Structures are given as C-alpha cells and as structure tokens.
Amino acid sequence: MVEANETPCPVEGLLCPTKGPSLMSLVERVLIVYRVKPSMGITVESPKAYTLRLGCSSTLEAVHTRIREAFKPELAGVESFVVLTESSFLRNWCALNEPNIKFVERIVAERLAELEKGIRVQEKDILTLMLTTKDPQTGEKLPPDNVRDQILTFLLAGHDSTSTALTVLFMLLSQHGDVERKVMEEVERVVGSEPLTFEKLGRLQYCTCVINESLRLFPPAQATRKDAAEDTMLGPYKIVKGTASIVSLWGLAHNPEYWPDPWRFDPDRWLPEKANGRSSYASIPFSVGHRGCLGRQLSIMEQRCMLAMTVQRYHLRLHSLSKPSFTTPLFLKPHNIFLSLERRACSRLQTQEAKSPLTPAVGDENAGLNRGARAKRQISTEKASIPFNTRLVILYGSNMGTCETFAGELALHAVNLGMTSDLMSLDSFLDKTDVVNGCAAVIVICATYNGTPPDNAAKFIRLLEKEPDKVAEIFTDKPFTVFGCGNSQWLRTYQSIPRFIDKTLTAAQGKRLTANFLYGDADSTLDDDFQAWKFAMWEGLSDSLGMSGASMKPDGGAAGLEPAYVVTPCQAQEKFETEKHIGEIRSKWAIQNGLFLGKVLKNKELQSANSDRSTHHVEIELAGAQKYSAGDHLAVQGGNPLEVVRQAAKVLGLELSDMFHIRKASLEAVSSSIIPEGAKLSVEMILMWCVELQQTMSKAQLAILMDRASCPYEKKALEAMRNAYNVEVVKRKRTLIEVLDAYNSVQVTLAELLTLLPPLRPRYYSISSSPLATAGHVSVTVGVVRGDSPAGRLHLGVASNFLASRKVGQLVGCFVKDTKSNFRLPAAADVPIILVGPGTGVAPFRGFLYDREASKATGTAVLFFGCRNDDDFIYREELRGFKERGVLKDMHVAFSRKLSGRKVYVQHLIEQQSEEMLKMLEAGAYIYVCGDAKHMAPDVRKAFAKILAEGKGLPLSEGAALIDELTIQKRYIEDVWASG
C-alpha cells in the first residue's frame with residue numbers, strides 16, 4: 001500500500017514524499033494510458049506519466065486507488081486507464097531485447113578481435129571509431145558494453161521514429177494542397193531537375209518548416225525521462241537528486257499558451273518572423289540536452305530528402321479508405337493510412353524522366369499499400385535508342401501456364417523498352433501469319449507434353465511437319481529464337497517439340513538470334529535458364545536491329561520493380577458483402593479457367609492402419625456432359641494447405657481474414673494469372689487458391705530478396721546462398737516463403753509476393769476408373785505428400801492434401817485431360833497387355849482392368865505391382881478379385897521392404913519372368929509403364945531391353961534399339977511423372 005506518511009504534492013503529474021524513506025530502490029515510474037478524441041477525429045492513445053515514491057509493501061491495486069483519488073479531475077469521464085510500472089515494463093522490454101543484445105555483442109566482439117590482429121585498423125566506420133577513439137581528457141576508450149548499448153540505440157532510435165514521422169508528414173501534406181503547392185514551388189526553385197545535393201538540401205527552408213510542424217503536431221516520442229543530477233527547484237517545487245521525471249512532449253507540443261489553435265496544421269508558425277521570441281522548448285520532439293536524440297539531424301535530413309524527391313514526382317492524396325488511428329507501444333504508431341500517388345505531368349523533372357521508357361506510372365490505388373511487384377528488372381539502352389515502331393511477335397505453346405507466363409513477361413519487357421508486341425498462342429498465330437511482316441523478330445516459347453505438342457500448339461506443329469513451303473514463305477529471313485521448357489526426367493522426349501520448331505525454322509532460312517537452341521529444365525533451374533536465354537536473346541536482337549553494344553539486359557536484383565497488380569483494402573461493408581459471395585466468386589473463376597465443380601462421392605484411405613503413409617481413393621461426380629476414357633488424366637485445382645497459407649500471411653504481416661480488391665496493372669502483366677480480375681478476396685483465399693507457395697525459389701527471386709535485405713548480415717548470408725544456389729536452394733528445396741520467414745529484414749508486400757510467385761497450377765492424376773463401369777463419375781488414386789524438405793521445412797503436397805481433406809459432398813475444381821498420347825488399351829480385345837505400375841502407378845491399370853472386364857476382352861493381362869510391404873499394398877482385394885475372375889492372368893508384387901536386407905523392385909520381377917514376357921511380346925503384347933520417370937521407368941526399360949536382346953541372341957547393347965522399335969510401333973507406352 002502507499003504509506004500513510006506520503007501525501008500528494010500539488011504539482012500536476014508528480015507525487016513526492018514530504019517525509020519518510022527516500023530509498024531510490026522504491027522509485028517507480030507509472031504510466032497512465034487513457035483515450036482522448038481530439039476534434040480532428042483521430043483516435044489517439046495518449047500516455048500521461050507520473051513518478052511516485054512508494055513504500056516497499058505497495059501493491060498495484062493500491063496505486064490504482066491512489067491515482068484515482070489524487071487525479072480525480074484528470075480522470076473524470078475517462079472510460080478506463082492502464083497503469084504500467086517501470087520495472088514490469090523494463091522486464092518485458094529486456095526479455096524481448098535479449099536476441100538483439102547478443103547479436104550486437106557478437107558484432108562488437110568480432111570487430112575487436114580484428115582490431116587486435118591489426119585488420120582494417122584505418123577504417124573510419126562508426127563502430128571502429130567508437131572502439132578505438134580515446135577520451136581527450138581521460139585517455140580512456142569506450143568499454144565494449146557501452147559501445148554495444150550505443151549501437152542498440154542507433155538501431156532502434158532511427159527506425160520507428162523516422163518511419164512514423166514520414167507517414168504523418170505525407171498524411172498531412174496529402175490533406176493540405178496549399179502546403180503541397182508551396183513545397184513544390186520551393187523544390188522547383190532550389191533543386192529544379194538536377195539531382196538533390198547536400199548544399200541544396202540546406203536551402204529547403206519551407207520544407208523544414210513543414211517537417212517541424214508535422215513533428216510538433218505528432219511527435220514520434222510521447223515523453224522523455226530526465227533524471228535530477230542534484231537537488232534542484234522546479235518553480236516552487238523541490239526535485240530531489242536522483243528523481244526520475246517524465247516530460248510530456250505531447251503536452252508541450254499542444255500547449256495553447258505557445259501554440260494557438262494547437263491542432264491546426266500550419267507550417268507558417270515556423271517561419272523566422274513568427275518563431276522569434278517563442279521558447280525553443282515549446283516543441284522538442286527529439287528531446288534536448290546532453291541526452292537528446294543523436295539521430296535528430298539525420299532524421300530531419302531523411303525527411304527533407306523524402307519530401308523533396310516525392311513532391312518532385314507525385315501529387316499525394318489521402319485515400320478514401322483511410323481511417324487514421326494511432327497507438328503508442330513505444331513510439332507513436334500510425335495505422336490505416338493509405339496514400340494515393342499520382343505522377344505529376346508538368347514538372348521539369350518529369351520532362352527529363354519521360355526520356356526513359358521504364359518510368360512506371362503509379363495508379364491511384366497502388367501506392368502505400370501495393371509497392372510494386374513485377375519481378376522484371378530495370379532495363380537500360382546505353383549506346384543506342386530502339387528504332388521507332390519496333391515490334392515483336394511472341395508465340396507460346398503452353399498447357400500448364402509456364403510458357404504463357406514467360407511469354408507475358410517478355411511482352412511486358414518489350415513494351416517497357418518502347419517496343420510493341422503481338423502475344424498469342426502458336427495455334428492462334430496460324431489465323432494471322434501476316435503479323436510477321438515488318439516485325440523485328442519472332443519469339444517462340446514452347447513445352448513438350450509426353451512427347452507431344454501442347455494443346456494450343458498442335459496445329460502449328462502439323463504445319464511445320466506437312467507444309468514446308470508455307471513455313472518457308474512465313475519465316476525465310478525472319479529473325480527468330482526458340483526457348484524450350486521441359487523436364488529432363490522425361491529423358492526420351494526431353495525438349496523434342498521446341499527443338500523440332502528450332503530445327504524447322506532454321507531449315508526454312510530463318511535467322512536465329514542466339515548461337516544455339518536454348519532451353520530450360522524444370523527439374524532444376526528453369527527460371528534461371530529462362531533468364532540466361534533472355535539475356536542472350538536481347539543481345540541478339542540488339543545486333544539484329546543495328547544496335548551493337550547497346551544493352552537491353554535486365555539488371556539483377558530489385559531495381560526497377562514495376563507493379564503487376566493493383567491491390568487495395570476493402571471497406572468493412574465490402575468485406576461483409578464479399579464474404580457472402582465467396583463461393584460464387586470461386587465458381588466463376590473455375591468456369592473461366594475451363595474447370596467444372598465436381599462433387600466428392602467417396603474418399604477412403606487405401607493404406608492399412610499400420611502404415612506411415614497415406615493414399616486416398618477419391619471418386620468425383622462428373623458434371624454435365626463430361627466424358628473420359630481409361631488412360632486419361634484428371635486435372636485437379638487444389639489449394640495450398642492452411643499451415644503454409646498461415647506462414648505466408650505471417651510473412652506479409654496480414655490476417656487471413658483481411659480483404660483486398662485486386663486487379664492487374666496492365667493487360668501484358670501476368671497473362672496467365674488465375675486471380676479473378678477485379679475480385680474482392682480474403683488473404684486466405686488469395687494465398688490458398690491463386691499462387692504457388694512451395695515452389696523452389698529461383699535465383700532471380702533470391703537476387704531480389706538479397707537487394708531488399710536491410711540487415712548487412714542477412715544480405716551477406718543471402719549473397720552466400722546465391723553463390724551456392726544449387727546446393728543451398730535447389731538441393732535443399734528452399735521456397736520463397738521459407739527464406740522470407742527466416743530473414744526478417746527482407747520485407748515484401750502482398751502485390752509483390754503475388755507477382756514474384758507463379759500462378760497455382762492444376763495437378764494431373766491418372767484416372768483410375770473406367771467409363772464402361774462408372775460412366776457418371778471418375779476416380780483418382782492420390783498419394784498424400786507430407787514430409788520434411790532437406791532444409792527441415794514441412795512440405796505438404798498441394799493437390800494431394802487438398803483431395804485427402806475433401807469430405808463427401810464437398811466440391812472439387814477439376815477437368816478431364818486427354819493426354820494426347822498412345823496410353824490407351826489396344827483396339828483389339830485379344831491383344832495381350834503387360835502392365836507395370838508400382839505404388840500409385842497402378843491407378844490407370846485399375847481403370848484398364850475394369851474396362852477390359854466390361855468389354856469382355858480375351859487378351860492375356862499381366863500386372864507388375866510394387867510397394868514396401870503388406871501395409872501399403874493398395875487395392876489388394878480388388879486386384880485379387882481381377883485375378884480370381886480371370887481379368888488378370890498373373891499379378892507379381894515386388895515388396896521393397898518386406899524381406900530383411902533385400903530390396904525387390906518391379907524390374908527385378910520382370911527379369912525373373914523373362915521367359916513369359918518374351919512369349920507375350922512375340923505374341924504382340926503391349927507394354928504399359930506408369931510411375932516415377934527418374935528411376936523406375938528407366939530401370940524397367942532396361943529390364944525389357946535385356947529380355948528382348950537375350951531372347952534374340954543379340955548383344956545387350958542392342959536392347960535399347962529394340963525398345964525404341966516397340967515405341968515407334970506404339971507398343972511400349974509410358975505415362976510417367978517427375979519425382980521429387
């Protein structure tokens with residue numbers, strides 16, 4: 001309790017003992033935080049501070065009561081107040097600050113060790129100066145712990161306070177056009193279109209007045225503590241030596257005795273003629289005296305630079321969605337302030353900048369919240385300007401969207417260089433081949449799909465195959481380049497289509513812009529391969545345009561980021577309305593992308609209860625007139641797992657329920673985006689359904705993060721990661737979100753993240769049912785992907801976890817995909833078939849067997865299945881049923897973990913059955929292989945090659961050619977997928 005011999009002194013904000021103990025250990029600072037609402041409509045949580053000398057037995061409840069009694073007029077009408085004692089505040093602060101202390105201690109210790117070894121002793125950085133400079137009077141150096149504390153002060157003091165000051169400054173400027181006009185006039189007069197220099201900065205007198213008034217109206221620090229060095233009198237009141245007093249900087253700055261109409265924003269108060277005679281202590285936002293803020297001048301300089309350079313370029317306006325509010329956790333913290341920036345059309349600086357084709361226009365809704373995003377680097381043309389009316393024809397063949405995304409990025413790049421571009425699919429090009437007339441180059445980006453062209457390139461490939469004269473008519477003497485997208489795990493057909501395009505256009509006397517055909521491998525570094533090709537292509541185009549020596553290469557890193565999306569927050573009413581129509585929005589999105597919403601009819605676990613794996617059999621109702629054939633794929637648009645979505649939202653500093661309005665910044669940008677144009681979506685929905693969150697980070701993305709790192713040590717670590725990219729990123733499968741979460745000094749916005757990440761793509765599953773048995777629904781067999789990445793990140797398969805979690809009656813966005821391959825049962829029912837499908841590779845063969853049973857096929861069927869042990873023998877009873885009913889003649893099961901010390905795989909059983917296999921092949925059998933492309937498929941191919949070679953008495957080396965012959969005859973058919 002407050003001791004009875006203590007009575008309040010009549011000084012507002014101060015309780016002093018008139019008698020009794022004066023132990024300094026009993027002094028506590030008490031902050032009373034309560035809410036006030038100034039007339040300008042901004043809610044402020046404003047602290048008032050009091051110093052009390054308390055007895056040892058005092059309790060917080062007693063302090064509450066004493067404060068209520070002593071300051072009844074002050075607290076009249078206040079709904080609530082919070083009392084924080086200094087010691088509890090400091091305990092929390094110290095706990096939070098401990099990692100920072102250890103981090104800085106390490107830096108200081110490392111530099112001290114270097115200095116002791118004579119390393120870089122002549123450096124003039126602030127750390128070296130603090131460690132080496134001696135006091136001129138005592139000859140002593142600062143002790144390391146003091147240096148540590150000073151560095152911690154530098155790190156803390158300049159960040160929150162200046163950030164707050166700039167936010168408030170721009171908010172006030174955006175609301176006062178007359179002030180903005182005066183600032184602009186001074187900047188035009190002093191700086192003009194020249195670079196801002198230190199000398200010119202000092203002449204921006206009115207800008208300084210604006211900053212001083214902003215700091216007065218909203219001082220970043222609300223109060224400062226001063227300790228009495230000796231007994232002194234403050235007016236009529238005695239202050240005992242050692243007493244800690246709190247000076248309310250907020251109260252000073254709003255004292256009507258010195259500031260008439262204190263809540264009015266009026267920079268003219270600071271003009272010399274009006275400031276004369278006013279106490280210099282009437283506003284002290286940075287404190288004063290020997291313990292004043294070390295960074296005051298640096299902060300004001302930063303603010304002057306930002307003010308001058310921003311007003312040079314933009315008009316500032318407070319967005320209508322803004323609802324300014326402030327809290328005071330330590331420094332003043334502004335919230336819900338959104339600024340619209342409109343590029344000035346008439347300034348001298350703008351006239352100069354207009355010469356650069358890359359000056360981005362910032363939309364009304366884009367600034368403040370959406371700071372940019374296209375992962376496209378700044379472009380420079382150093383020795384020549386691009387000829388007027390230069391036009392590119394950019395063609396793509398794309399099923400999954402990757403090539404279309406690359407093509408869109410290239411088109412945007414061309415537009416920003418001052419060119420025009422015609423962007424279309426290869427098949428669409430056939431209806432308008434005359435677009436090549438007068439173009440600077442034809443650029444083709446294409447993939448291979450199971451050895452066949454993408455759906456939107458099939459007609460173009462037929463033209464190349466069948467009409468060489470027409471091809472020559474179109475492409476002779478035309479500059480061209482081809483970039484191939486593929487996955488080297490499909491080694492036999494790797495890059496076959498883009499390589500064929502390149503070969504055919506070369507034969508038609510086209511002029512290749514690059515020395516060789518270039519391509520990218522999705523199994524390793526596709527994004528970086530694309531960047532390398534792009535550099536080579538731009539250099540070739542420079543030469544073709546007679547601009548030899550001019551650089552059109554994008555610079556590395558984050559320079560020149562350009563918005564690909566415009567993102568604005570939704571108002572409360574919009575949130576409510578949007579949440580009611582989430583399902584409708586998603587349905588429209590699914591339909592627009594060729595998907596139908598199928599109802600889940602069955603979802604069951606196939607693994608036994610003892611298995612540590614999970615495989616689901618999922619049956620989905622077909623919508624409308626949807627049809628399929630055994631051997632087709634089902635494309636499923638899954639959603640990122642909620643755990644991954646939460647991590648991404650945390651990195652962005654957003655709540656899953658936050659709602660945003662999103663639209664593309666331009667037609668060229670992110671052409672393959674699946675974000676519904678103009679939709680209002682929650683963060684959860686955006687991150688779950690629209691972008692890939694677990695894809696391995698590209699080197700280009702890593703370069704952007706490295707440039708964004710504000711912490712030198714993190715920047716250095718990211719640079720080391722980039723230098724060892726294949727080891728640290730590719731092999732460890734690090735994702736963009738994972739790295740952002742680990743390196744806190746790298747900050748990105750929602751718009752930037754949406755642009756850096758590729759759109760979420762559908763996952764393809766072999767259909768495991770037969771339309772002859774179940775015409776109204778389709779089934780897939782889903783191996784649920786869940787495990788730790790090499791870097792220790794929990795990796796969750798997008799579609800597999802999504803499908804496994806679907807309950808009966810829930811909807812799944814999907815569509816049937818004809819593989820355009822020969823993975824179909826023989827037309828004749830008496831042809832024998834050999835099926836090889838370990839694990840979920842058995843899925844299409846389940847469909848084949850139901851198909852054969854329904855059609856009463858008579859040909860012999862043999863299945864080779866593989867699993868670890870009995871616990872993950874999926875479809876066991878169904879497969880045994882096929883054998884019992886005669887649909888299967890034999891079923892051979894390879895258990896890779898059942899026998900101690902011996903791993904048995906399907907290729908081993910195939911070799912064991914070599915005699916039977918040879919008889920079946922001689923009888924015209926078809927071989928079907930489904931599963932892993934990287935290991936299983938090549939090993940099975942080798943096993944059959946060996947059987948054929950030995951059966952014909954040929955050297956084993958000739959077996960591969962025999963399999964190739966079967967492939968040409970369409971009797972050796974694979975449906976394989978990339979493994980992790």
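The values are calculated or read from the model by the stated rules, or taken from the named source; none is laboratory data. None of these values were measured; they are calculated from a predicted model. Please note: Cβ atoms are built from the backbone with ideal geometry, for glycine as well, and neighbour counts cover all protein chains shown. These accessible areas exclude ligands, DNA and RNA; they are computed on the full protein's heavy atoms, side chains included. Shrake-Rupley method; radii C 1.70, N 1.55, O 1.52, S 1.80 Å.
So here's what we get for this one:
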item	result
Among the candidates Lys970, Lys903, residue that is part of a loop (DSSP other than H, G, I, E, B), open to solvent by 40 Å² or more (accessible area, probe 1.4 Å) and closer than 24 Å to Leu606 by Cβ	Lys903
Residues located in the range 761-800, provided they are open to solvent by less than 30 Å² (accessible area, probe 1.4 Å) and polar (S, T, N, Q)	Ser766, Ser768, Ser769, Ser770, Ser779, Thr781, Ser789, Ser800
Out of Ile474, Ile386, Ile445, sole residue that is in contact with a Gly (Cβ under 8 Å, 6 or more places away or on another chain) and at pLDDT 90 or above	Ile445
Residue in the range 852-868 that is touching a residue at least 12 places away in the same chain (Cβ under 8 Å), within 19 Å of Gly924 (Cα to Cα) and part of a helix (DSSP H, G or I) present	yes
Check on Glu692, modelled with pLDDT of 90 or more, over 30 Å from Asp818 (Cα atoms), surrounded by fewer than 21 Cβ atoms within 10 Å (Cβ to Cβ) and not hydroxyl-bearing (Ser, Thr, Tyr)	no
Among (1) on the phi < 0 side of the Ramachandran plot; (2) of a type outside the set (Lys, Arg); (3) open to solvent by 30 Å² or more (accessible area, probe 1.4 Å), the one test that Gly653 misses	(1)
Looking only at the range 216-238, and only at residues there that are farther than 25 Å from Tyr258 by Cα and among the aliphatic types (A, V, I, L, M), the one that is most open to solvent (accessible area, probe 1.4 Å)	Ala229
Residues located in the range 938-960, provided they are over 27 Å from Pro844 (Cα atoms) and open to solvent by 60 Å² or more (accessible area, probe 1.4 Å)	Glu950, Lys952, Gly953, Leu954, Pro955, Leu956, Ser957, Glu958
Residue identified as at pLDDT 60 or above, farther than 30 Å from Ser245 by Cβ, in contact with a His (Cβ under 7 Å, 6 or more places away or on another chain) and polar (S, T, N, Q) among Ser320, Ser340, Ser325	Ser340
Filtered residues of the range 208-234 (kept if in contact with a helix residue (DSSP H, G or I) (Cβ under 7 Å, 6 or more places away or on another chain), among the small types (Gly, Ala, Ser) and more than 21 Å from Thr310 (Cα to Cα))	Ala221, Ala223
Qualifying residues in the range 910-933 (those that are of a type in the set (A, V, I, L, M) and surrounded by 18 or more Cβ atoms within 10 Å (Cβ to Cβ)) - the one nearest to Ala828 (Cα to Cα)	Ala925
Filter result (at negative phi, of a type outside the set (Asp, Glu) and part of a loop (DSSP other than H, G, I, E, B)) within the range 184-195	Val191, Ser193, Pro195
Whichever residue in the range 239-256 is over 26 Å from Gln175 (Cβ atoms) and loosely packed, with under 14 Cβ neighbours inside 10 Å and, among such residues, is modelled with the lowest pLDDT	Gly242
Cβ-Cβ under 6 Å pairs, at least 6 apart or on other chains, the range 926-950 side farther than 14 Å from Asn450 by Cα, far side among the basic types (Lys, Arg)	Tyr926/Arg971
Condition broken by Phe873, with the remaining ones in (1) modelled with pLDDT of 95 or more; (2) surrounded by 18 or more Cβ atoms within 10 Å (Cβ to Cβ); (3) over 25 Å from Thr819 (Cβ atoms) satisfied	(1)
Subset of the range 506-519 that is within 30 Å of Ala961 (Cβ to Cβ) and surrounded by 18 or more Cβ atoms within 10 Å (Cβ to Cβ) - its residue that is farthest from the chain's Cα centre (by Cα)	Phe517
Complete set of residues in the range 623-650 that are of a type outside the set (Phe, Trp, Tyr), farther than 30 Å from Ser682 by Cβ and open to solvent by less than 30 Å² (accessible area, probe 1.4 Å)	Ala630, Gly631, Asp632, His633
Strands (runs of 3 or more DSSP E) within the range 618-735 that include 1 or more residues among the β-branched types (Val, Ile, Thr) and under 25 Å from Ala799 (Cβ atoms)	633-636, 659-664
Test: residue in the range 100-107 that is over 30 Å from Phe265 (Cα atoms), at pLDDT 85 or above and either touching a His at 6+ places or on another chain (Cβ under 6 Å) or open to solvent by less than 30 Å² (accessible area, probe 1.4 Å) (or both)	yes
So Glu878, is it more than 46 Å from the chain's Cα centre (by Cα), part of a helix (DSSP H, G or I), within 25 Å of Arg824 (Cβ to Cβ) and of a type in the set (Asp, Glu)	no
Residues located in the range 149-175, provided they are open to solvent by 50 Å² or more (accessible area, probe 1.4 Å) and either at pLDDT 85 or above or within 30 Å of Trp263 (Cβ to Cβ) (or both)	Leu156, His159, Ser163, Gln175
Checking Asp268 against (1) without any contact (Cβ under 8 Å) to a residue 60 or more places away in the chain; (2) open to solvent by 50 Å² or more (accessible area, probe 1.4 Å); (3) not in a strand (DSSP E or B), the condition it does not meet	(2)
Flag for Ile239 being β-branched (Val, Ile, Thr) and more than 26 Å from Thr162 (Cα to Cα)	yes
Scope the range 388-440; condition among the hydroxyl-bearing types (Ser, Thr, Tyr), open to solvent by less than 40 Å² (accessible area, probe 1.4 Å) and not in a loop (DSSP other than H, G, I, E, B); matching residues	Tyr396, Thr402, Thr405, Ser421, Ser425, Thr433
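So that you can scan it fast, the table gives a plain yes or no per residue for (1) within 20 Å of Arg852 (Cβ to Cβ); (2) polar (S, T, N, Q):
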{"site": "Glu877", "(1), (2)": "yes, no"}
{"site": "Phe882", "(1), (2)": "yes, no"}
{"site": "His892", "(1), (2)": "yes, no"}
{"site": "Leu899", "(1), (2)": "no, no"}
{"site": "Gln907", "(1), (2)": "no, yes"}
{"site": "Glu916", "(1), (2)": "yes, no"}
{"site": "Met936", "(1), (2)": "no, no"}
